[in-house]
Amino acid sequence: MPALFQISEPGDARTKEACTTGAVGIDLGTTNSLIAIVLGDGKPHALSADEGSSLLPSVVHYGAGGGPGSVVVGRSARRLAAEFPRDTIVSVKRFMGRSSADPETRRLSPYRFAEGESGVVRFVVDGARVVNPVEVSAEILRALRNRAEERLGIKVHQAVITVPAYFDDGQRQATKEAGRLAGLEVLRLLNEPTAAALAYGLDKRSKGMFAVYDLGGGTFDISILQLQEGVFEVKAVGGDSALGGDDFDRALAEILLEGRERTPHSVREAIDAAKQAKEDLTRVEVTTAMGRRITRAQLEAAIWPLIEKTGGPSRRALRDAGVPGGKGLDGVILVGGSTRVPAVRRYVQELFGLQPLADIDPDEVVALGAAVQADLLTAESPQHDVLLLDVTPLSLGLETMGGLAEKLILRNTTIPARATQEFTTFADAQTGMDIHVLQGERELVADNRSLAKFTLSGIPPLPAGLARVAVTFQVDADGILSVTAREQLTGVSQTITVKPSHGLTDEEIERMLLASIEHAEEDVQARLLIDNRVEAQRILKATEKQLETNGDLLSGDERGQIEAQIAAVRRAAQGNDHHAIHAEVEKLDQVSADFAKRVMDRGIERALKGHSVGEFDQGELSPHAKKAYSALQEAEEPVK
Amino acid sequence: MSPRTCWHCGGVAATDPICPSCGKVQPPPAAGTQPDRFATLGFAPSFDEPPGLDDKFRALSRKLHPDRFARATPQERRYSLEQTTLLNEAYRTLKDPVRRAEHLLALRGIKGDPKMSAEFLEQTMEDREKLMEAKASGEPLDDLAKGVRERRDQTLHRVRALVENGSDLEQAAELLARMRYYARYLDEVEGRSVEL
């Protein structure tokens, strides 16, 4: 018997053995995050992660009370953003691996920052609590993981997490730490555009040279890939790690804020209104935001300079890949929600001279590709026999005399990669040598990103120029660098895995890990409470909506009974007993069961078909996969 | 060099990255041995790009890449990482005409930075000046680039002749060093049009 709330969100239809390995792909996005998995049908599926949608807004709210579990993620958190702008972290990805002094962190935003020992960004939330971007990201990953486990009925502990190709070493490290903190073994960090190409390549059995134009909420990535003989070779990448749809929102918000006072509330309100207006204007020519009339032409005028900023990196990547001007390119793939903006599509078509491809949902394509890679890495016999060859996004080098940067590994070098350079001492009896590791394309040290500094000591005291130190850079398949310095005579050596200079110290990471273990039980209780409350809210809303639209199906008695139970659920939801909330919700389910059936009979079934798991023919499936498929399909909810 | 034995089955593994008898990935050659990038990809040294280089690279990548060893022991994962690193390095060397020629000379014992001829250095200064002037006045750089591109191609032809008859390898090395200058110059010219 269907219950009312199952019409919008079914309870616990679960899929055992839904997949072979339980390794997932996660797109940890600036605006939205997604989780996907390859199922028995051999295809990647995005799992519904938040109120029936596969998109979990990357929003984390730190609620009152300060308990370690008083954290809300996703749409529920986003609804709290307007009321609690400082306690609700939106687009945390922009802060990953960045210092609090970074101009990027100082842009239009309502947050309060606290100085950390190592200069890493910290948000002050809920009065006095301090959280860093890695912890905030871990909350998003944890939410995805929990929701996937609920969906699939299996444990999820391995993941491929995607990062913008243009992420530097510090940002990659921070992402990996967030995964660890969320209890995930990070099998691989995968570049987002590469993941997208993987999702496309498998569908199309393509061969040729492709550009992936990925404009998300906060980052722009361009990748040029060659697909041939089951090998996906990234030829060149480029981009801007601080450019995306959020900037469009800000540009429009500036217009909305003209002549208004700027408070955390008004800034938040303007940004939200701008985002909504931008989305509306992908479909209509005119809309209103904060009482102002905004036309598509106005929006385009405001964001065109931002869109044009994607041209430079794109042209450079085409040149680096040996297809200057896009001549010889076979296709352009669009990724990221911001590519829905008509002006962006127009610009892409002009830039590459090709009609861009967008057959796979640009919001889901990255997560789907990550799921494929997770399957490739873990399955006994992966569903697809392909290999990805990725490259370093930025050059890696060392500081030499005079504040100059010397590159050891050039950008767009296929990874894993290694390079060694020898240096000699410059003073007599010099026993130590400072090694300063840099990332970037610029000539001067000061213009590049400083990744690490360390000192090789124990060099034998010799006349200047006699002691020789070999410095070796090794970049692994995740794009993470380790540096070894070795004195050639004595063999004294020192190795470090590069951590960002502005990143987290080992102690901080340790503390965060310990805290997450210590509070595990507390977290579970608090989370159960929050989950049940959110669930109760959702059911209340759904039931009330049905009373409103289909109330004529009820007798006065029936209506009275349901309304009384609605009040009971609401009372329970105000308390702290998650069992009580659950029990009252169950009761509401029972008293409204008949009503639900009548509503269903009225033709709600049609809505159920709106959001199916996949379009493939079930006839191709093994019985095991078929079972998984049908359970999952039951578990999906219709699109509203 | 004494024949290597496979760490896993004890069979003779020669220098193959994968043991021919048991199929296990092997450690890379000991540090300090002169690497032969041609041999890494199974080719004999040559001035021109070995035919089928791309295919060979892809085929070996499919066998050696760390993604293929995600479920293997830490030891095998380390070997896979090191072998793939060598493979990538070898491919990069062989794919580029200048790096390939430099490596060919290194295999024949010509190493270190050669002394550049005074005449060439003079020409270099002149080219720079012209480039600066053209940039300042905003005139198109196409003709300048064309001249340098022609000299670059001629230089590579001369290197080939010298390497192939093995007469004056030192001079070949000096000519080869000029290629870096040409490359930097052209980067600068092309870079400008890309930034625009």
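Restricting attention to the stretch A:414-468, and to residues there that are part of a loop (DSSP other than H, G, I, E, B) and within 14 Å of chain B (Cβ to nearest Cβ), which single residue is farthest from A:ASN191 (Cα to Cα)?
A:GLU443
Quick check on this structure: which one of B:PRO35, B:PRO27 is more than 14 Å from every other protein chain (Cβ to nearest Cβ) and assigned to a loop (DSSP other than H, G, I, E, B)?
That would be B:PRO27, the only listed residue that is more than 14 Å from every other protein chain (Cβ to nearest Cβ) and assigned to a loop (DSSP other than H, G, I, E, B).
Those residues that are outside any loop (DSSP other than H, G, I, E, B) and without any contact (Cβ under 8 Å) to a residue 40 or more places away in the chain, I need them from the stretch A:258-270; list them, please.
Those that are outside any loop (DSSP other than H, G, I, E, B) and without any contact (Cβ under 8 Å) to a residue 40 or more places away in the chain: A:SER266, A:ALA270.
Looking at the structure I just gave you, is A:ARG411 of a type outside the set (A, V, I, L, M), closer than 30 Å to A:VAL163 by Cα and outside any strand (DSSP E or B)?
yes
Among the candidates B:SER46, B:SER21, single out the residue that is more than 26 Å from B:ASP153 (Cα to Cα), among the small types (Gly, Ala, Ser) and either buried (at least 18 other Cβ atoms within 10 Å of the Cβ) or not assigned by TED's automatic domain parsing to the domain that holds B:ASP153 (or both).
B:SER21
Can you work out which of the residues in the stretch A:213-257 that are assigned to a strand (DSSP E or B) and of a type in the set (Val, Ile, Thr) is nearest to A:VAL90 (Cα to Cα)?
A:ILE222
Just name the residue that is farthest from A:GLY239 (Cα to Cα) out of those in the stretch A:285-310 that are free of Cβ contacts under 8 Å to residues at least 40 places away in the same chain and part of a loop (DSSP other than H, G, I, E, B).
A:GLY291
It is to be established whether one or more residues within the stretch B:50-64 are away from chain A (no Cβ under 14 Å), modelled with pLDDT of 90 or more, assigned to a loop (DSSP other than H, G, I, E, B) and farther than 23 Å from A:LEU190 by Cβ.
Yes; the residues of the stretch B:50-64 include at least one that is away from chain A (no Cβ under 14 Å), modelled with pLDDT of 90 or more, assigned to a loop (DSSP other than H, G, I, E, B) and farther than 23 Å from A:LEU190 by Cβ.
Please work out if A:LEU144 is closer than 26 Å to A:GLY322 by Cβ and either within 14 Å of the chain's Cα centre (by Cα) or within 14 Å of another protein chain (Cβ to nearest Cβ) (or both).
It is false that A:LEU144 is closer than 26 Å to A:GLY322 by Cβ and either within 14 Å of the chain's Cα centre (by Cα) or within 14 Å of another protein chain (Cβ to nearest Cβ) (or both).
If the requirement is being surrounded by fewer than 24 Cβ atoms within 10 Å (Cβ to Cβ), out of contact with any Gly (no Cβ under 6 Å at 6 or more places or on another chain), at pLDDT 80 or above and basic (Lys, Arg), which of these qualifies: A:ARG107, A:ARG122, A:ARG79, A:ARG129?
After applying the criteria, what remains is A:ARG79.
How many of the residues making up the stretch A:314-333 are surrounded by fewer than 22 Cβ atoms within 10 Å (Cβ to Cβ) and in contact with a Leu (Cβ under 9 Å, 6 or more places away or on another chain)?
Going through the stretch A:314-333 one residue at a time, the tally reaches 9.
Considering every residue within the stretch A:555-567, establish whether at least one is polar (S, T, N, Q) and surrounded by 14 or more Cβ atoms within 10 Å (Cβ to Cβ).
yes
Checking B:LEU176 against (1) within 15 Å of B:PHE47 (Cβ to Cβ); (2) free of Cβ contacts under 8 Å to residues at least 40 places away in the same chain: exactly one of these is not met. Which one?
Condition not satisfied by B:LEU176: (2).
Identify the single condition in (1) under 21 Å from the mean Cα position of the chain (by Cα); (2) facing chain B (nearest Cβ under 10 Å) that A:PRO393 does not satisfy, given that it satisfies every other one.
(2)
Looking only at the stretch A:20-36, count every residue that is within 12 Å of the chain's Cα centre (by Cα) and either surrounded by fewer than 24 Cβ atoms within 10 Å (Cβ to Cβ) or assigned to a strand (DSSP E or B) (or both) and tell me the total.
Qualifying residue count for the region: 10.
Just to be sure before I move on: is A:GLY311 over 16 Å from A:PHE210 (Cα atoms) and either within 14 Å of chain B (Cβ to nearest Cβ) or surrounded by fewer than 22 Cβ atoms within 10 Å (Cβ to Cβ) (or both) in the structure I sent?
So A:GLY311 fits the description; yes.
Can you tell me which residues in the stretch B:9-24 are outside any loop (DSSP other than H, G, I, E, B) and either modelled with pLDDT under 85 or among the acidic types (Asp, Glu) (or both)?
Result: B:VAL12, single match.
Can you find even one residue in the stretch A:334-353 that is at pLDDT below 90, in contact with a Leu (Cβ under 7 Å, 6 or more places away or on another chain) and part of a strand (DSSP E or B)?
no
Looking only at helices (runs of 4 or more DSSP H) that fall completely inside the stretch B:69-164, which ones have 1 or more residues that are within 17 Å of B:ASP36 (Cβ to Cβ) and within 13 Å of chain A (Cβ to nearest Cβ)?
B:74-95, B:97-107
Only one of B:ALA90, B:ALA106, B:ALA134 is surrounded by 14 or more Cβ atoms within 10 Å (Cβ to Cβ), of a type in the set (A, V, I, L, M, F, W, C) and assigned by TED's automatic domain parsing to the domain that holds B:GLU188. Can you tell me which?
Answer to the check: B:ALA134.
The values are calculated or read from the model by the stated rules, or taken from the named source; none is laboratory data. Just so it is clear, the model here is predicted, and its values are computed rather than measured. Cβ coordinates were reconstructed from backbone atoms using ideal geometry, including for glycine residues, and neighbour counts include every protein chain displayed.
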